[in-house]
Amino acid sequence: MKRLAILLTLSVCLFVFPALGQTAGFADAVLGRWDITVKAADGSTYPSWLEVRLRKENELMASFVGRFGSMRYASKAEYANGQLTVVIPAQYEPAPKELVFTGKLEGDKLTGTTVNETGQTLQWTGVRAPALASAKSVAWGKPIQLFNGKDLAGWKQRNNNHPNCWSVANGVMTNKTPCADIISEQKFTDFKAHIEFQVPANGNSGVYLRGRYEVQISDGFNQVIDSLRMGAVYGWLKPLTNAAKAPGEWQTLDITLIGRKVTVVFNGQTIIDHETIPGITGGALDSDEAAPGPIMLQGDHTKVMYRKVEITPAK
């Protein structure tokens, strides 16, 4: 009987204290979403994004968006002795096979290091991602034609690796590959966008909202819907249906972005309905989610054509 009582006591203790080895709240300081800026070896910077959350009471899990690609889950996330360690499988990075981010809190920021594909140690800084709570009601201003149908006034290329690879002819803005992304000089916070585009067979482009959140544009005709395909918020939000026309046909996207809430209407069908974008997508210009940003059209993959880029900003 005495032995039974001891066993019962042990069972109760295990039930009440499942997080053996870690105390409650052990990682509270680093839980949440972080907008990350990495300083590259050449002195430039590029964005990343990290979310740390509890897997169990005494274990962490994490998700990550890097310089390229889509959201991926960490293979390891630990917080011990004030240091956060996150290990992420490589996606489009040429090397190494895993990315390792280590960091510590300094005030309200996370600061740390990671190692690039050539073995160089890079510094990074993370700030808490803003909530971007959407307004209950929005008053809209007047539509702005970002593309005037005549030339590239109001646009600039992301880089000069392939100068003058965008051009305008017969009211259509297009690229010749290899090329680069093209960015509007105007920046926006909340807005409605009307985009008219055409992609060839196997075409691949995208519209970056505020320069940070990519709505995928690709040849999606007769394809199974996925968060990496036509109309998706790349890697985050999967369309409800496939409304894609055949390649070579003109198609339309109507996108409303208020805070983090996005609605996407594709060829007249609502495919994403007032859903929340958790964080930036790969290829983003920066990770400063609190700031207004431009419209960026992806041009570094395949040929694509745009004949209308209209923005109606919130007042």
Problem set entry | Residues of segment 85-101 classified as of a type in the set (Val, Ile, Thr) and buried (at least 17 other Cβ atoms within 10 Å of the Cβ), total | 3
For this session: Could you please let me know if residue 79 is more than 17 Å from residue 26 (Cα to Cα) and not assigned by TED's automatic domain parsing to the domain that holds residue 211?
Result: no
Exercise. Within segment 193-207, how many residues turn out to be among the hydrophobic types (A, V, I, L, M, F, W, C) and surrounded by fewer than 20 Cβ atoms within 10 Å (Cβ to Cβ)?
Worked result: 1
Exercise. In this structure, is residue 75 within 21 Å of the chain's Cα centre (by Cα), among the small types (Gly, Ala, Ser), surrounded by fewer than 16 Cβ atoms within 10 Å (Cβ to Cβ) and over 30 Å from residue 315 (Cα atoms)?
Worked result: yes
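Take residue 285 and tell me if it is under 21 Å from residue 132 (Cα atoms) and either assigned by TED's automatic domain parsing to the domain that holds residue 223 or touching a Phe, Trp or Tyr at 6+ places or on another chain (Cβ under 9 Å) (or both). Outline the logic, then answer.
Details: under 21 Å from residue 132 (Cα atoms): yes; either assigned by TED's automatic domain parsing to the domain that holds residue 223 or touching a Phe, Trp or Tyr at 6+ places or on another chain (Cβ under 9 Å) (or both): yes.
Taking the combined requirement at face value, the residue satisfies it.
Go through segment 71-95 residue by residue and tally those that are under 14 Å from residue 49 (Cα atoms) and part of a strand (DSSP E or B). Full working, then the answer.
Just the residues of segment 71-95 that are under 14 Å from residue 49 (Cα atoms), to begin with: 71-74, 86-88.
So of that shortlist, the ones also part of a strand (DSSP E or B) come out as 72-73, 86-88.
So the answer is 5.
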Exercise. What number of residues within segment 34-46 are more than 18 Å from residue 100 (Cβ to Cβ) and either touching a Lys or Arg at 6+ places or on another chain (Cβ under 7 Å) or free of Cβ contacts under 8 Å to residues at least 40 places away in the same chain (or both)?
Worked result: 4
Problem set entry | Failed item in (1) surrounded by fewer than 16 Cβ atoms within 10 Å (Cβ to Cβ); (2) part of a strand (DSSP E or B); (3) in contact (Cβ under 8 Å) with a residue 24 or more places away in the chain; (4) not aliphatic (A, V, I, L, M), with residue 214 passing the rest | (1)
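Considering 68, 64, which residue is assigned by TED's automatic domain parsing to the domain that holds residue 110, touching a residue at least 12 places away in the same chain (Cβ under 8 Å), part of a loop (DSSP other than H, G, I, E, B) and under 13 Å from residue 282 (Cα atoms)? Reasoning before the result, please.
Numbers: 64 fails: part of a loop (DSSP other than H, G, I, E, B).
After ruling out the rest, the residue left standing is 68.
Rundown of residues vs (1) in a strand (DSSP E or B); (2) at pLDDT 95 or above; (3) hydrophobic (A, V, I, L, M, F, W, C), yes/no style:
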site: 256; (1), (2), (3): yes, yes, no
site: 271; (1), (2), (3): yes, yes, yes
site: 275; (1), (2), (3): yes, yes, no
site: 281; (1), (2), (3): no, yes, no
site: 284; (1), (2), (3): no, yes, yes
site: 288; (1), (2), (3): no, yes, no
Problem set entry | residue 29 in a strand (DSSP E or B), outside the structural domain of residue 210 (by TED's automatic domain parsing), among the small types (Gly, Ala, Ser) and more than 20 Å from the chain's Cα centre (by Cα) | no
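Restricting to segment 129-142, name every residue that is modelled with pLDDT of 95 or more and surrounded by fewer than 14 Cβ atoms within 10 Å (Cβ to Cβ).
Our first condition is that a residue be modelled with pLDDT of 95 or more; within segment 129-142, this holds for 129-132, 139-142.
Residues satisfying the conditions are 131, 139, 140, 141, 142.
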Exercise. Since residue 228 meets every condition but one in (1) under 28 Å from residue 50 (Cβ atoms); (2) touching a Ser or Thr at 6+ places or on another chain (Cβ under 8 Å); (3) crowded, with 16+ Cβ neighbours inside 10 Å, which condition does it not meet?
Worked result: (3)
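Just to be sure I understand, how many residues within segment 124-160 are part of a loop (DSSP other than H, G, I, E, B) and of a type in the set (S, T, N, Q)? If you could, list the steps in order and put the result at the bottom.
Taking segment 124-160 as the starting set, the residues that turn out to be part of a loop (DSSP other than H, G, I, E, B) are 129-139, 141-143, 146-154, 158-160.
Narrowing further to those that are of a type in the set (S, T, N, Q): 134, 137, 148, 159-160.
So the count comes out to 5.
The values are calculated or read from the model by the stated rules, or taken from the named source; none is laboratory data. In this text the structure is predicted, and so the values were computed from the model without any measurement. In this analysis, Cβ positions are derived from the backbone assuming ideal geometry, glycine residues included, and neighbour counts consider all displayed protein chains.
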